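> Okay, handing you the structure first.
The values are calculated or read from the model by the stated rules, or taken from the named source; none is laboratory data. What you see is a predicted model; the values in this text were computed from it and never measured. Backbone-built Cβ (ideal geometry, glycine too); neighbour counts: all protein chains shown. With ligands, DNA and RNA removed, areas are computed over all heavy atoms of the protein, side chains included. Shrake-Rupley method; radii C 1.70, N 1.55, O 1.52, S 1.80 Å.
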Amino acid sequence: GLLTAVMWGICQLRFVIDPNGAKDDLVKEISQDLNLPVLGQDDQPVGRMKNRFSHSKFITQAMLAVIYGHAWFEQVGEIVDGKWRLRKLAPRMPQTIRQINIAPDGGLVSIMQWAPVGWNMQNNTPGNYPYGPEIPVDRLVGFIFQQEGLSWAGRSMMRDCFRDWIIKDR
């Protein structure tokens, strides 16, 4: 019930792009990339969704951060008319994260995943067989719920419920 109350309310919000004085062509590109309407303009019909970013799906997946403490997405884009354009934010599910690499100053460096089924061993360096891809910070979007200190793993909303649940379960 707690998760439903938190997540449902956020997922039902109407998101818009606020131009805030930015150039019209830039606002239009961002609106197209994120598939969101511009504040103060009539909503345009949504185009076909194949190979397009789905903001509502992204918000639902980003809400996993409250359950697991973190949610990671890899930016995937393409060059269109000489400009890099967002195609999707590919989720990197919390269960697949093997390691979060942190710089000595506490900044995020990268995340590493476990090897997916069928991972090509030739993609790995010797001795790294079970390890999957490493995604550098410049390709990541991360949501960290209640970050404590230098921990980029965050804190699950469910942590406070665990003690009561385990006692009742036993």
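> Just checking, which of 30, 59 is open to solvent by 40 Å² or more (accessible area, probe 1.4 Å) and of a type outside the set (Gly, Ala, Ser)?
On the way: 59 fails: open to solvent by 40 Å² or more (accessible area, probe 1.4 Å).
Sole residue among the options that is open to solvent by 40 Å² or more (accessible area, probe 1.4 Å) and of a type outside the set (Gly, Ala, Ser): 30.
> Would you please name the residue that is surrounded by the most Cβ atoms within 10 Å (Cβ to Cβ), looking only at residues in the stretch 70-80 that are modelled with pLDDT of 90 or more and not hydrophobic (A, V, I, L, M, F, W, C)?
Step by step, filter the stretch 70-80, then rank; the result is 70.
> Given the condition modelled with pLDDT of 85 or more and within 17 Å of the chain's Cα centre (by Cα), answer yes or no: does some residue in the stretch 12-29 qualify?
yes
> Next up: Between a residue in the stretch 144-167 that is closer than 17 Å to residue 2 by Cα and small (Gly, Ala, Ser) and any residue that is in a loop (DSSP other than H, G, I, E, B) and modelled with pLDDT of 85 or more, which pairs come within a Cβ distance under 8 Å, given they are 6 or more apart or on different chains?
Correct list of pairs: 156/69; 156/145.
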